[in-house]
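Q: Take this structure, written in structure tokens, and hold onto it; I'll ask about it next.
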Amino acid sequence: WSMETKPETEKAKKAREEAAKRDPEDVAAKRIFPAPRDTIATLAPMQGTGWDDPRFFSDGRRLLLLRNETFEDGTSARDLWIWDRETKGVRRVTHNAAIRTADPFPEGDRAAGIRCRAGTCDVVTVALDHGAAGALSVLAPGSFEANFAGVRVSPDGKSIATARQQNGRWQIVTIEVSTGAVRVVSPDDGISRYEPTWTPDGAALIVVSEASGTPQLERLALDGSTRPVSRFAGLTSQPEVSRDGTVWFLALHARGYDLRTLALDSAATGRTVVLADSLAPVAPRQRTADARPFPTSEVTSKPYGVGRLGATWLPNVNLSAEGQSQEGAVTVSDAVGRFGAVLQGGYGDPAVWRGGSLALTWRGVRPSLTVAGFSTRHMPSRQELEPSGTGAFDAEYRGVSLVGERAVYGTSGSLTVRTALSSGRLTSLALLPAPCIECLASWAPIAESTRQLVAGQVAAVRTYTPKGRARITPSVAVDAAAGSTFDSGWLRTQVQGRLAISNWAGVGLDLQATAGQLTAGAPTYEHFALGGAESPYVDPLLLQGRWAAPGQAFGALTGTSAFRARAALMGPIAPFVQVDRVGSGGAGQERRLVGFESAVNTPALAVARFPATRSTFGIAMPLDGPRAKQAVFYTTIVLTP
């Protein structure tokens, strides 16, 4: 906004004159606060996130800004941007740089900043020119014993002023840009000083000092001499000095913050008023003679390992077109999620997934590794809604798997790679007589064989925000698996594409398409089977041919090639239309499904020992098949470490 004081409007002048005519002896009204300023330029939030810590370049036209960039995994980091208020354009300078604050050099080709990572904060310089934009170099490294905060470049660009925390207090230091030499400016009086900013001549700094017991402004000369600048009953912070020597700062009082100004040549030079220790804890104590020293004995360190483990027990109920099941799970995790385990088991209707599994995840290495053992029984031919043909998919599946996962997150996208190895025993239950379905000890298996496979998945997500008005998120996932089942080899590939378009309120359109192909002659068990719920015990990489649709019977469509198209409105409860097809040409078969669905994926909350979940709730109605136009309510929850 403009610095110029707005002149009195004709309307206000006329109202003041009329009030004086009505009562000439009345005291004229006096404005307490300044008149509103005229806005020169406004930069609206982008992608729902605003801009912080603006700093003018020397040309007065451009501003250096900071913006909190959120990654796909929920973490965030601050990056540098440049805003040209005349062209109204913004340009990103850094990517995942974790810059806390920054200040441009007078030449405008680089900036000084504070970068914080892994508990330490360094003083860095960042290139701003187009050719080398984002190039970062460390000028003064921080450590666990000495960290930096706040940075201001001197008027001549040769020095940087910052605050360094060391030995329990903040002290002002300057850093030579050419050599990186650090020089302490604060006097050795045990008083904390921080938030430095240069005077126009570069001969002194205006800092926030706690000499009086409350944060007040102070002039700190480069030789270490000090002079009080402000005396407010409240607190002062974030001083800045304009070219004419006016100090701008924030003053905190009971109603909040006020933006105030103070001329340096008019600041009082009296003695600092120190609040008595009797006012503690409202005001901090000044005397430190009674302070207890921190023990200097060396603290023995040890590896974190798996940390301190804790357990949580969770019940679970799944309901789909196949039937209902009841499960129970015990989850174990440390406080930071390096190790996780989920032991679960369940029982229910004959057609649902029954059995149990134990999955152990170790995130102490990259990629993370998950070892799992499982024993399941699935007989979709017994589902009441729409029995699955000859029972070729009825089987008992027992095995182990090793899954590796590596995810790389950026501020506008992510790339995830998952691979799996598995070996197990597959027992066909296709001809098991109906009366013996629930007999767990007296049946004779029809066919038993090993099922071995190797599988992989690569998934990429990218988010675009044209003019900051909408989110356009395309994604693609490519899956491949090869293995042997019933002594027959097979190869499966499938591709999924997705396009989500929404506003910042989360309302929009979600379009998905998936296509898959299986080699001819593969065992029937490996055919694509569309419908039914996701297995809660077996990793989806091992069952890529099972395309879940809880509102539709398992195996509503089966074949060696499959295609699915889905369109849904985005929101808490999303209406959707889904079309499935297997085969090609005139021999192809098709099923349609409509409904309302809510899908929520939550990461593991390690500190609460709560596992990651994939939850789906909804109601759907098939438009084709034996149970066309009959609504099905479903709820499925899958737990993973």
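Since every read-out is calculated from the coordinates, none of them should be taken as a lab result. Just so it is clear, the model here is predicted, and its values are computed rather than measured. With ideal geometry, Cβ positions are generated from the backbone for all residues, glycine too; neighbour counts draw on all protein chains shown.
Q: Net charge around V476, counting only other residues with Cβ within less than 10 Å of its Cβ (Lys, Arg = +1; Asp, Glu = -1)?
A: +2
Q: Given G323, P387, F57, which one lies farthest toward the positive end of the charge dipole of the chain, if we put +1 on the Cβ of every Lys and Arg and -1 on the Cβ of every Asp and Glu?
A: F57
Q: Let me know the charge dipole size of the chain about its Cα centre in debye, to the nearest 20, where only the beta-carbon of Lys, Arg (+1) and Asp, Glu (-1) is charged.
A: Value, rounded to 20: 360 debye.
Q: Only Cα pairs under 8 Å and at least 6 apart count here; give the relative contact order of region 1-128 as a rounded whole percent.
A: Contact order relative to length: 15 percent.
Q: Continuing with the same structure: For region 312-320, just list the computed ³J(HN,Hα) in residue order, Karplus coefficients 6.51, -1.76 and 1.60, θ = phi - 60°, integers in Hz, with x standing in for Gly and Pro.
A: 3J(HN,Hα) across region 312-320, in whole Hz: 9, 9, 10, x, 8, 10, 10, 9, 8.
Q: Could you please report the charge total around V317, scoring K, R as +1 and D, E as -1 over all other residues with beta-carbon less than 13 angstrom from its beta-carbon?
A: Once positives and negatives cancel, what remains is -2.
Q: Give me the extension gain from S58 to Y464: residue separation times 0.36 nm, minus the current Cα-Cα distance, reported in nm with one decimal.
A: Residue separation times 0.36 nm, minus the Cα-Cα distance, leaves 142.9 nm.
Q: Of A203, S375, I160, whose Cα points farthest to the positive end of the dipole of the chain (charges on the beta-carbon: +1 Lys, Arg; -1 Asp, Glu; origin at the Cα centre)?
A: Farthest towards the positive pole: A203.
Q: Whole-Hz Karplus ³J(HN,Hα) for region 548-564, in order, using 6.51 cos²θ - 1.76 cosθ + 1.60 and θ = phi - 60°, x for Gly and Pro?
A: Here the 3J(HN,Hα) series is 5, 7, x, x, 10, 4, 5, x, 4, 9, 9, x, 8, 9, 8, 9, 9 Hz.
Q: Distance from the Cα centre of region 524-580 to that of region 55-104, in angstrom?
A: First find each Cα centre; the distance between them is then 43 Å.
Q: Follow-up question, since we're still on this one. Identify all lysines with a Cα-Cα distance to K11 below 17 Å; exclude those on the same chain that are fewer than 8 residues away in sequence.
A: The reachable lysines, counting only those whose Cα sits under 17 Å from K11, are K21, K30.
Q: Students often get this wrong, so try it: which of (i) 34.6, 96; (ii) 33.7, 111; (iii) 26.5, 80 is Rg and Dmax of the Cα atoms in Å as calculated from the structure shown?
A: Step by step, Rg and Dmax of the Cα atoms in Å for this structure corresponds to label (ii).
Q: Another question, then. With unit charges on the beta carbons (Lys and Arg positive, Asp and Glu negative) and the dipole taken about the Cα centre of the chain, which residue among I573, T236, F148 sits farthest to the positive side?
A: T236
Q: Rounded to the nearest 10 degrees, what's the angle between the helix 10-22 long axis and the longest principal axis of the chain, both from Cα atoms, 0 to 90?
A: The two axes meet at around 60 degrees.
Q: Further, regarding this structure: Tell me what the chain gives for mean residue ellipticity at 222 nm when only DSSP H runs of n ≥ 4 count, each as -39,500 (n - 2.57), the sum divided by the residue total, rounded to 500 deg cm²/dmol.
A: Computed mean residue ellipticity for the chain: -500 deg cm²/dmol.
Q: Would you mind putting 108-119, 133-144 in packing order, based on average other-beta-carbon counts within 10 Å, highest first?
A: Ranking the peptides 108-119, 133-144 by packing returns 108-119, 133-144.
Q: Still on this structure, I have one more. What ranking do W353, W313, W362, W83 get, fewest neighbouring Cβ atoms within 10 angstrom at the top?
A: So the ranking, lowest neighbour count to highest, is W313, W362, W83, W353.
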